[in-house]
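Down below is the structure, laid out as structure tokens.
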Amino acid sequence: GDGAEFFAVGDRVVVDEEWHTLGVVHAKKGNWKDAIDAYQKSLALDARFKNTLFNLASSYEALGEMNAAAMYYQRLLDLGGAKDEADYLAYVGMGRLAERLGDGEKSRAYFQAAEELKNTITQFSGNP
């Protein structure tokens, strides 16, 4: 095989966006562990899908798993290419985590980076 990963539901292959959408459905119901499972499957298919990285980090944050949340926010921020709204929200998430851990200096730096990025984004909705 070519090493490609996919997941089948019944006789149908499910693509990354569908797993992402399922994760969103679970997250909206507060089913964080099911959301994380779906987001992980989405990432296995596309490790650079920013919305999935952000939502995975947010789900871990909702469960109080700060190290995992920080890891996925950072993975999003480490992706190359143009910065966009997902990057802005990841900076905000990292700022929130630093604040919760009592690191005011790091928190301010992340929030400042978020504001600087927000000023460069032309289309801004507040959601990835």
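The values are calculated or read from the model by the stated rules, or taken from the named source; none is laboratory data. Source: prediction; values computed, not measured. Note: ideal-geometry Cβ built from the backbone for every residue, glycine included; neighbour counts use all protein chains shown. Areas reflect the complete protein model, heavy atoms only, side chains present, ligands, DNA and RNA absent. Shrake-Rupley method; radii C 1.70, N 1.55, O 1.52, S 1.80 Å.
Here is how the numbers come out for the structure above:
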| quantity | calculated |
| --- | --- |
| Single residue of 45, 63 found to be open to solvent by 30 Å² or more (accessible area, probe 1.4 Å), over 11 Å from residue 94 (Cα atoms), in contact with a Phe, Trp or Tyr (Cβ under 7 Å, 6 or more places away or on another chain) and modelled with pLDDT under 95 | 45 |
| Close pairs from the stretch 24-39: first within 10 Å of residue 56 (Cβ to Cβ), partner aliphatic (A, V, I, L, M) and open to solvent by 60 Å² or more (accessible area, probe 1.4 Å), Cβ under 7 Å, at least 6 apart | 38/22 |
| Helices (runs of 4 or more DSSP H) within the stretch 48-128 that include 1 or more residues more than 16 Å from the chain's Cα centre (by Cα) | 85-100, 104-118 |
| Scope the stretch 25-37; condition surrounded by 15 or more Cβ atoms within 10 Å (Cβ to Cβ) and either within 26 Å of residue 80 (Cβ to Cβ) or of a type in the set (Lys, Arg) (or both); matching residues | 36 |
